[in-house]
Amino acid sequence: MYYSYHDVVQFIEENDIRFIKLAFVDIAGIQKNISIMPSELKRAFEDGIAFDASSIYGFGDEERSDLFLKPIPQTIQILPWRPDNGRVARMFCNIIKPDGTPFELDSRKLLQNAVEMAKSKGLTFNFGAEFEFYLFKRDEKGAATKEPYDNAGYMDIAPEDKGEDIRRDICFTLLDMDIYPESSHHEMGPGQNEIDFKYSDALSSADNAVIFKTVVQSVSDINGLCADFSPRPLSDKSGNGLHINMSVKSVDGEDYFTEVLAGLLKHAAEMTAFLNPSDASYKRLGRDKAPKYITWSHENRSQLVRIPAAKGEYRRMELRSPDPTVNPYVAFTLLIAAALDGIENKLVPPEAVDHNLYTVGPEVTSKLSLLPQSYEQAKELAIKSEFIRNSIPLGFLR
């Protein structure tokens, strides 16, 4: 682990790093970067490297456009898909204003603040992510098509599953970056894949989610393919989900599992605009194992929150509504805030709904609360929500 400017300089010299990417994300969680030479590192750590914020989606206009990036030394990683001769490294950065104060739409800093707030209350939240994505072929000019890379189905194997080698290359690349995938397999749709991550602390898990999408897109491109993380790339096939697994530990040894669950369910509708942040997101919800109602149950994959059959350190709750277009820093910030509300106010979850909600009749579903049915409806709920206003800036609405 590298904690200072001098540690980073030593790491760069020892690994023949010639190029350094200073990375951050916009309000949508899309990674951006400025590349500098090692000779500029001292200035980056002391003063920051300036960039035009008015050109970054959601960051502001031309009137106040200067922001600065200050690297976070412990996030340095070598990019293994770049040449070994003159290597490239990347560091995530804090975004600051010219006066040195934090930029309010720096979503990584927002999550860091939420983690510190939880820690001050003796609580630690861990997250695991399950990403789904499609692999599509490119045409003779290299442009992405909507032709799936294969026609395999759920957990099929080679030769039907042509994505097996791609997933393996992705996993090996992640391991080279000290990021640990837990499992991978073919998903339900043609050309659809899933890779799951081991549990990590909130900041590491969010960083890994951002890095993961870059790795998938880079490895896919090297192999002449296009990776698609959109919520429903093919209108008549399964959508892409980002299932978020969450657990809580307390220094006093108390079990706050049910209170956290209650907090997530209470604020689910208000958070949906940030967990499903596009019109396309709502073409996925309510279909093909994506939830429609604000419910929970054990093991049941038709629910918003599923409690998997796991014990001890693997005990967790799985939120099934988000899709891969989320900003993971914003998503985890909101989930921590909802969990803290559940704990502090001793909330009690509703009774479990032990039905298959895709097949059960209106005698059950008519009594259930719905998730927002469109992005406009979700935004309206978020704008009116005191919980949202107290948790994150509304500037993160897209």
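Among the residues of region 179-206, what is the count of those that are hydrophobic (A, V, I, L, M, F, W, C) and free of Cβ contacts under 8 Å to residues at least 60 places away in the same chain?
Number satisfying all stated conditions: 1.
Scan region 67-96 and report the pairs whose first residue is closer than 21 Å to Asp26 by Cβ and among the hydroxyl-bearing types (Ser, Thr, Tyr) and whose second residue is open to solvent by less than 50 Å² (accessible area, probe 1.4 Å) and part of a strand (DSSP E or B), with Cβ atoms within less than 6 Å and a gap of 6+ or a chain change.
Thr75/Met91; Thr75/Phe92
Could you run through region 43-57 and say how many residues are more than 28 Å from the chain's Cα centre (by Cα) and assigned to a helix (DSSP H, G or I)?
Final tally of qualifying residues: 2.
May I ask you to say which residue of Leu69, Leu22 is assigned to a strand (DSSP E or B), over 18 Å from Phe11 (Cβ atoms) and open to solvent by less than 10 Å² (accessible area, probe 1.4 Å)? Outline the logic, then answer.
Details: Leu22 fails: over 18 Å from Phe11 (Cβ atoms).
Within the list Leu69, Leu22, the selection yields Leu69.
Can you find a residue that is of a type in the set (Asp, Glu), at pLDDT 95 or above and over 25 Å from Val25 (Cβ atoms) anywhere in region 280-288?
No, there is no match, as no residue in region 280-288 is of a type in the set (Asp, Glu), at pLDDT 95 or above and over 25 Å from Val25 (Cβ atoms).
Kindly indicate whether Ser184 is touching a Cys at 6+ places or on another chain (Cβ under 9 Å) and either at pLDDT 95 or above or under 27 Å from Ala382 (Cβ atoms) (or both).
Values: touching a Cys at 6+ places or on another chain (Cβ under 9 Å): yes; either at pLDDT 95 or above or under 27 Å from Ala382 (Cβ atoms) (or both): yes.
Spelling it out, Ser184 is indeed touching a Cys at 6+ places or on another chain (Cβ under 9 Å) and either at pLDDT 95 or above or under 27 Å from Ala382 (Cβ atoms) (or both).
Looking only at residues in region 372-398 that are in a helix (DSSP H, G or I) and among the basic types (Lys, Arg), which one is surrounded by the most Cβ atoms within 10 Å (Cβ to Cβ)?
Lys379
Could you check region 249-280 and list, in sequence order, the residues that are among the hydrophobic types (A, V, I, L, M, F, W, C) and open to solvent by 30 Å² or more (accessible area, probe 1.4 Å)?
Within region 249-280, Val251, Ala280 meet the criteria.
Out of everything in region 272-319 that is among the charged types (D, E, K, R) and not in a loop (DSSP other than H, G, I, E, B), what residue ends up being farthest from the chain's Cα centre (by Cα)?
Only one residue tops the list, namely Glu313.
Check region 154-166 and report whether any residue there is more than 27 Å from Asp228 (Cβ to Cβ), out of contact with any Cys (no Cβ under 9 Å at 6 or more places or on another chain) and not charged (D, E, K, R).
No, region 154-166 contains no residue that is more than 27 Å from Asp228 (Cβ to Cβ), out of contact with any Cys (no Cβ under 9 Å at 6 or more places or on another chain) and not charged (D, E, K, R).
Tell me the residue from Arg108, Arg138 that is of a type in the set (Lys, Arg), within 28 Å of Leu69 (Cβ to Cβ) and modelled with pLDDT of 95 or more, please.
Checking each option against the conditions leaves just Arg108.
Checking the condition open to solvent by 10 Å² or more (accessible area, probe 1.4 Å) and over 25 Å from Ser235 (Cβ atoms), which residue from Asp288, Asp354 passes?
Going through Asp288, Asp354 in turn, the sole match is Asp354.
For region 214-229, indicate whether the set of residues that are in a loop (DSSP other than H, G, I, E, B), β-branched (Val, Ile, Thr), farther than 13 Å from Glu132 by Cα and open to solvent by 70 Å² or more (accessible area, probe 1.4 Å) is non-empty.
no
Can you confirm whether Glu40 is part of a helix (DSSP H, G or I), open to solvent by 40 Å² or more (accessible area, probe 1.4 Å) and at pLDDT below 95?
When the stated conditions are applied, Glu40 does not pass them.
Which pairs do you get when a residue that is over 14 Å from Val216 (Cα atoms) and basic (Lys, Arg), found in region 120-149, comes within reach of a residue that is open to solvent by less than 10 Å² (accessible area, probe 1.4 Å) and not in a strand (DSSP E or B), reach meaning Cβ atoms under 7 angstrom, with the pair 6+ apart or on two chains?
none
Within region 199-213, how many residues are in a helix (DSSP H, G or I) and under 21 Å from Asp323 (Cβ atoms)?
Number satisfying all stated conditions: 10.
Against the definition (among the aliphatic types (A, V, I, L, M) and within 18 Å of Gln373 (Cα to Cα)), how does Ile222 come out, yes or no?
no
Kindly establish whether Ala269 is part of a loop (DSSP other than H, G, I, E, B) and hydrophobic (A, V, I, L, M, F, W, C).
no
Provide a single number: the residues in region 320-354 that are farther than 23 Å from Phe212 by Cβ and part of a loop (DSSP other than H, G, I, E, B). Explain how you work it out, then say what you get.
Applying the first criterion (farther than 23 Å from Phe212 by Cβ) to region 320-354 yields 337-354.
Within this subset, residues satisfying the condition of being part of a loop (DSSP other than H, G, I, E, B) are 345-354.
Looking only at that region, the number is 10.
Can you tell me which of Ile49, Ile56 is in contact with a helix residue (DSSP H, G or I) (Cβ under 8 Å, 6 or more places away or on another chain) and among the β-branched types (Val, Ile, Thr)? Can you show your working first?
Numbers: Ile56 fails: in contact with a helix residue (DSSP H, G or I) (Cβ under 8 Å, 6 or more places away or on another chain).
Unique residue meeting the criteria: Ile49.
For a quick check of your reading of the model, give me the residue pairs whose first member lies in region 240-263 and is under 25 Å from Leu285 (Cα atoms) and modelled with pLDDT under 95, whose second is open to solvent by less than 20 Å² (accessible area, probe 1.4 Å) and part of a strand (DSSP E or B), with beta-carbon atoms closer than 7 Å and at least 6 apart or on different chains.
none
Would you confirm whether or not region 200-212 contains a residue that is more than 15 Å from Thr75 (Cα to Cα) and open to solvent by 20 Å² or more (accessible area, probe 1.4 Å)? Walk me through it before giving the result.
We begin by selecting, within region 200-212, every residue more than 15 Å from Thr75 (Cα to Cα); these are none.
No, region 200-212 has no match at all.
The values are calculated or read from the model by the stated rules, or taken from the named source; none is laboratory data. In this text, all values refer to a predicted model and were calculated from it rather than measured experimentally. Note that each Cβ is placed from the backbone with ideal geometry, even for glycine, and that neighbours are counted across all protein chains shown. Please note that ligands, DNA and RNA were not included when accessible areas were found on the heavy atoms of the full protein model with its side chains. Shrake-Rupley method; radii C 1.70, N 1.55, O 1.52, S 1.80 Å.
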